[in-house]
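*Asks:* One structure, pasted below without further comment.
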Amino acid sequence: MNRKEAGKTEKAAATRMYLGPTFYGVIQTGTTFCGSVPPKVEALMKLYPFLRELLVPVERLAEARKELHRKGSAMNMVYERARKLGGNNV
């Protein structure tokens, strides 16, 4: 693997997508992050650490979406907890 390919692999590993409900003014469903998250998002995730489970590496995206829609799965339960917390309604 050359340097260019290694750089792409590292970037892909650091790229994550938020699969949780939208928290208006803070984070929106489907938002992609390369590296760290913005301060508003970090503050929300410090307050509610379980929301980090909804930040999924893009390599796991298909698998995570399937799990999200499977009633009773860990991902589904975290999503529902976030929705009840105020996601989509804040």
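*Asks:* Enumerate the amide H contacts of G20 below 5 Å, restricted to partners 5 or more residues apart or on another chain; note that Pro and chain-start residues carry no placed amide H.
*Replies:* Close amide H contacts, sequence-distant or interchain: G30.
*Asks:* Here is a follow-up. Could you list which residues have their amide H under 5 Å from that of I27, counting only those 5 or more apart in sequence or on another chain, with H placed in the peptide plane?
*Replies:* none
*Asks:* Under the Karplus relation 6.51 cos²θ - 1.76 cosθ + 1.60, θ = phi - 60°, what is the ordered set of whole-Hz ³J(HN,Hα) values for segment 41-55, x standing for Gly and Pro?
*Replies:* Once rounded to whole Hz, the list reads 5, 4, 4, 5, 6, 6, 5, 10, x, 4, 5, 4, 5, 8, 8.
*Asks:* Assuming 0.36 nm per residue, please report the length gained on full extension of the stretch H69 to R52 beyond their Cα-Cα distance.
*Replies:* Length gained between H69 and R52: 4.3 nm.
*Asks:* Between L61 and M77, what is the spin-label point distance in nm, taking each point 7 Å from the Cα along the Cα→C-beta axis?
*Replies:* The two pseudo-label positions are separated by 2.7 nm.
*Asks:* Provide the FRET efficiency to the nearest 0.05 for the T29-K84 pair, computing r from the beta carbons and using R0 = 22 Å.
*Replies:* Rounded to the nearest 0.05, the efficiency is 0.90.
Throughout, read-outs are computed from the coordinates displayed, never taken from laboratory work. It should be emphasised that the depicted structure is a prediction, and the values quoted were computed from it without experimental measurement. Quick reminder, even Gly has a Cβ in these numbers, built from the backbone with ideal geometry, and neighbours come from all protein chains shown.
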